[in-house]
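Taking it in order: structure first as structure tokens, then the write-up.
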Amino acid sequence: MIPSTVSQQQQRNLLYLLLLALACLGSLVLALTSGSIEISLSDLWQVITTDQTSLQSTVVHELRLPRALSALIVGAQLALAGCLMQVLLRNPLADPYVLGVSGGAAVGALFSIMMGLGSFAMSANAFIGAMVNLLLVFGLAHSQGSWSPTRLLLTGVVTAAGWGAVISFMLSISQDHQLTGMVFWLMGDLSRAQLPGQHSLVFIICLLLSWALARPLNLMLRGEMQAKALGVSVYPLQIGLYLLASLLTASAVTQAGSIGFLGLVVPHILRLSLGTDHRLLLPASALAGGCLLLLADTLARTLIAPQQLPVGVITAFIGVPVFLWVLQKSNRGLV
């Protein structure tokens, strides 16, 4: 009876992941066919399967496909980082930006915009800023030789406030023609997205490492004392989770700026609906996060076309009411 039950559970998990993967595929097709230039499914198939050079081929290969793939990767990274951060801090309201990674990246990116540097330099400086924040928070949290989720959280919140002050100062001294690009980046923007080659590699490595830690993560939900009693090395696990979540967040922010609510809403809703088994929750969060951000970016491109909205605005419009609705259902015992 037990093997049958286990097999049924595995089949359900595979079904959930298959449905999410199909949703991602459908969202990708929608993103490639929607826009100021409408492309039918038959035309899209012809563009993908042939080497013809046409306006539609240029639009798909040079504009929409890189942006769509970046949205998938960024959304997956943020959702996966949020899932890890909620376990690390033992707080269901934790998100990828709670430790100030986005603030450090924003300072690096805004500095590049102020200096008139190109997109490559902006991405590099944003990643450097995120890594500086990682080292800063980690060093300060260990300054007295002690470490705890509460200490890490407080250090990250204070550091994020400091980055916020630096960002406000940079905005106040910037030229008028630079402010639009700065504000769009701060609100989350995929208009400069390129094919996410190295970022995809970062995501895949972090996902595999996270999934390998699924059993210890499940035990961590019972509390540190029980996890230690069951053989989990809690301290190295916490450091590993912090590094993985920070690396995922830094990579996502480097590509698209600060996109709010995604890393909070997606893992929290899936935790309520699918349970707390991280063997399912981690890949499900990545797939759902990528799908949601891709849909949000498609709306950002097409809602008031030809003008484009920052994708962070769309995720906030979607995330706030959905999250409040889920909390209401949870309070009534329906979830």
How far apart, in nanometres, would the label points at LEU154 and ALA212 be if each is projected 7 angstrom from Cα along the Cα-to-Cβ direction? 3.5
Please compute the length gained on full extension between ALA305 and ASP43, using 0.36 nm multiplied by the number of residues separating them and subtracting their Cα-Cα distance. 92.2 nm
Enclosed volume per residue, in Å³, of the convex hull spanned by Cα atoms of the chain: 159
Based on the Cβ-Cβ distance of GLN328 and SER119, what FRET efficiency does E = 1/(1 + (r/R0)^6) give at R0 = 30 Å, to the nearest 0.05? 0.10
Note, ³J(HN,Hα) from phi for the range 223-230, Karplus 6.51, -1.76, 1.60, rounded to Hz, x at Gly and Pro: x, 5, 5, 5, 4, 4, 5, 8
For the chain: relative contact order, % (alpha-carbon pairs under 8 angstrom, 6 or more apart): 31
Theoretical gain in end-to-end length, LEU243 to SER34 [0.36 nm per residue, Cα-Cα removed]: 71.5 nm
Given a Förster distance of 22 angstrom, what is the FRET efficiency for SER54 paired with SER191, based on the Cβ-Cβ distance and rounded to 0.05? 0.45
Longest span of the chain, sites excluded, free of trypsin sites (Lys or Arg not before Pro) in DSSP loop with at most 15 other C-beta atoms within 10 Å? 91-221
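FYI, it's all coordinate maths here, none of it is from the lab. Since we're looking at a predicted model, the values are computed, not measured. Note: ideal-geometry Cβ built from the backbone for every residue, glycine included; neighbour counts use all protein chains shown.
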